[in-house]
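What follows is a single structure, written as structure tokens, with notes after it.
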Amino acid sequence: MPRFPGVDYLDFDSLLSEQELLVRQTARQFVDEQAQPLFREAYNSGVFPRQLIAQMGELGFFGANLEGYGCAGMSNVEYGLIMQEIERADSGLRSFVSVQGALVMFPIHAYGSEEQKQHWLPKLQAGEAVGCFGLTEPDYGSNPSGMLTKAVSQGGDWVLNGEKTWITNGSVADVAIVWARTPDGIRGFLVERSTPGFSASDLHGKLSMRASITSSLHFSDCRIPAANMLPCAKGLKAALGCLSQARFGIGWGVLGAAMDCYETARSYTLTRKQFGDKPLAGHQLVQEKLAWMITEISKGQLLAYHVAKLKDAGKVEAAHISMLKRNNVAIALECARLSRDLLGANGIIDDYPIMRHLCNLETVKTYEGTDHIHTLVIGERVTGIPAYR
Ligand SMILES: Cc1cc2nc3c(=O)[nH]c(=O)nc-3n(C[C@H](O)[C@H](O)[C@H](O)COP(=O)(O)OP(=O)(O)OC[C@H]3O[C@@H](n4cnc5c(N)ncnc54)[C@H](O)[C@@H]3O)c2cc1C
């Protein structure tokens with residue numbers, strides 16, 4: 001497997017510290033040597049390569065930007081660079097890391113009791129336990145505020161009834177963060193895998209994110225101890241706080257997929273010849289596509305870097321992260337389409353990663369707030385008028 005040379009048109013690396021470059025190099029080497037060689041087969045067979053989990057735990061990738069409880073305590077730039085490298089392998093691998101860190105460890109870290117943190121965070125950080133995040137329901141996707149899953153207090157326990165769907169890692173998770181309606185509003189709960197009344201079943205037939213596990217979660221009089229409620233997660237805004245963490249990682253991650261598509265197209269068109277001895281890359285129409293890709297990737301890197309700096313300074317707004325997620329997913333998807341085009345027929349075959357990235361990025365456009373929803377968040381930020389309804 002050839003080593004990834006990196007994509008850096010504007011001397012972006014001059015913005016990075018020695019430590020940030022080292023973190024990226026560690027993630028890059030892991031992806032080049034361990035992860036990337038597995039994903040052609042993983043995608044085709046629809047099986048997540050679970051052997052990578054422990055290695056990613058050892059490297060500190062899970063909850064990397066959280067402090068304490070065994071977490072690496074990295075800056076948001078370092079965390080973003082890890083996401084970028086990981087998604088270069090496959091969006092399904094980045095989804096695993098995003099869910100584990102941003103959607104499971106973050107809510108326990110931010111909203112959990114000391115006992116919950118001590119019990120779960122070290123295991124999740126090490127990859128000894130896997131988590132999932134259950135917010136979406138069959139009838140409530142973009143609008144989770146309508147959720148039907150209910151939790152009622154009974155004899156000192158909580159009893160959950162309802163269904164969640166499209167849940168990454170649902171059937172392999174040791175613990176599910178489940179959002180449910182209570183008489184006090186929406187609250188978050190920790191539901192352990194073996195709890196009676198809780199079951200998970202996998203969704204089949206996906207033509208995108210094939211290397212990622214996606215499940216439905218079913219709760220039928222599922223009784224959990226009172227201590228399994230996240231004490232500080234009050235209202236839907238707590239769940240949305242987790243989504244902001246995950247969307248931030250996506251904004252960086254998709255740059256990795258875009259870079260892989262760009263670099264594949266650039267090197268392919270430099271060697272492939274048609275109509276004489278000139279490589280495809282010598283034609284103006286081809287250069288126009290490469291120029292578009294490198295320009296958008298470079299702008300996307302600067303956007304991601306700036307939002308990370310705002311996040312480190314405690315100044316980031318959800319609407320900033322919406323712009324990052326929406327823009328960088330859109331440009332990554334377009335890079336995948338252009339790259340597919342430039343490879344001609346070879347663009348559709350799994351000798352190259354392009355079609356896999358393209359199919360995966362269709363999911364990334366939809367999950368963690370669709371492109372439309374982030375457009376409306378930005379629209380509300382600049383007009384003051386919410387246009388969701
Ligand atoms: C592979 C995969 C993994 C996932 N993992 C998770 C997970 O781990 N946990 C979890 O909770 N969820 C997960 N999801 C679910 C994901 O977050 C939802 O699919 C997403 O929120 C969109 O909801 P929906 O699919 O119901 O689409 P809908 O909300 O039905 O939207 C359909 C279309 O209508 C548009 N639309 C909706 N409302 C508006 C509006 N007001 N204005 C304009 N357009 C609108 C949308 O933008 C979209 O284009 C996952 C999804 C996928 C595909």
(Q) For a Förster distance of 25 Å, can you work out the FRET efficiency between the beta-carbons of Arg3 and Asp351, rounded to the nearest 0.05? (A) 0.85
Q) Where does helix 371-383 land angle-wise versus the long Cα axis of the chain, in degrees 0 to 90, nearest 10? A) 80 degrees
Q) Helix 236-271 versus the longest principal axis of the chain: what is the Cα-based angle in degrees, 0 to 90, to the nearest 10? A) 20 degrees
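Could you grab the relative contact order for the chain? Cα pairs under 8 Å, six or more apart, rounded to a whole percent. It would help to have the intermediate numbers written out before the result.
Values: 717 pairs, mean separation 67.0, N = 389.
In percent, rounded to a whole number, it is 17.
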Q. Calculated from DSSP H runs of 4 or more alone, at -39500 (n - 2.57) each and per residue, what is the 222 nm mean residue ellipticity of the chain, nearest 500?
A. -16000 deg cm²/dmol
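Chymotrypsin sites (Phe, Trp or Tyr not before Pro), restricted to the range 265-373: which are DSSP loop and have at most 10 other Cβ atoms within 10 Å?
Details: sites: Tyr268, Phe275, Trp292, Tyr305, Tyr367; in loops: Phe275, Tyr367.
Those that pass, being in a loop and sparsely packed, are Phe275.
Applying 1/(1 + (r/R0)^6) with R0 = 41 Å to the Cβ-Cβ distance of Ala227 and Asp13, what FRET efficiency is obtained, to the nearest 0.05? Let's see the in-between values first.
Details: r = 47 Å, r/R0 = 1.15.
Once rounded, the FRET efficiency stands at 0.30.
Please tell me which of these pairs span more than 21 angstrom C-alpha to C-alpha: Lys150/Lys237; Lys309/Lys365; Lys299/Lys365; Lys123/Lys311; Lys150/Lys234? Don't skip to the answer; put the middle values down first.
On the way: Lys150/Lys237 17 Å; Lys309/Lys365 24 Å; Lys299/Lys365 18 Å; Lys123/Lys311 26 Å; Lys150/Lys234 15 Å.
The answer is Lys309/Lys365; Lys123/Lys311.
At a Förster distance of 51 Å, what's the computed FRET efficiency of Ser194 paired with Lys278, Cβ-Cβ distance as r, to 0.05?
Details: r = 64 Å, r/R0 = 1.25.
About 0.20, to the nearest 0.05.
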(Q) Cβ neighbours within 10 Å, averaged per peptide: list 27-35, 112-120, 244-252 in order, most packed at the top. (A) 244-252, 27-35, 112-120
Q: Using label points projected 7 Å from each Cα along Cα→Cβ, tell me how many nm separate Arg381 and Ser45, to one decimal.
A: 4.2 nm
Q | Cα→Cβ-extended label distance, 7 Å offset, between Glu115 and Leu270, nm | A | 6.0 nm
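Sorted by mean Cβ packing within 10 Å, highest first, what order do the peptides 159-169, 137-147, 47-57 take?
On the way: 159-169: 21.2, 137-147: 14.6, 47-57: 17.5.
Peptide ranking by packing, descending: 159-169, 47-57, 137-147.
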(Q) Compute the helix-to-body angle for 18-30: its Cα long axis versus the longest principal axis of the chain, expressed 0 to 90° and rounded to tens. (A) 90 degrees
**Q.** Other-chain or far-sequence residues with amide H under 5 Å of Met209's (modelled H)
**A.** Asn360
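If you keep only loop residues by DSSP, which trypsin sites (Lys or Arg not before Pro) in the range 271-380 have at most 10 other Cβ atoms within 10 Å of their Cβ?
Of the trypsin sites (Lys or Arg not before Pro), the ones in loops of the range 271-380 whose Cβ has at most 10 other Cβ atoms within 10 Å are Lys315.
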Q) Of Tyr140, Gly63, Leu52, which is farthest on the positive side of the dipole of the chain, counting Cα position, with +1 on Lys and Arg Cβ, -1 on Asp and Glu Cβ, and the Cα centre as origin? A) Tyr140
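Bear in mind that the values in this text are calculations on the coordinates, not laboratory data. Keep in mind the model is a prediction, meaning the values are calculated, not measured. Counting neighbours? That spans all protein chains shown, and the Cβs are built from the backbone with ideal geometry, glycine included.
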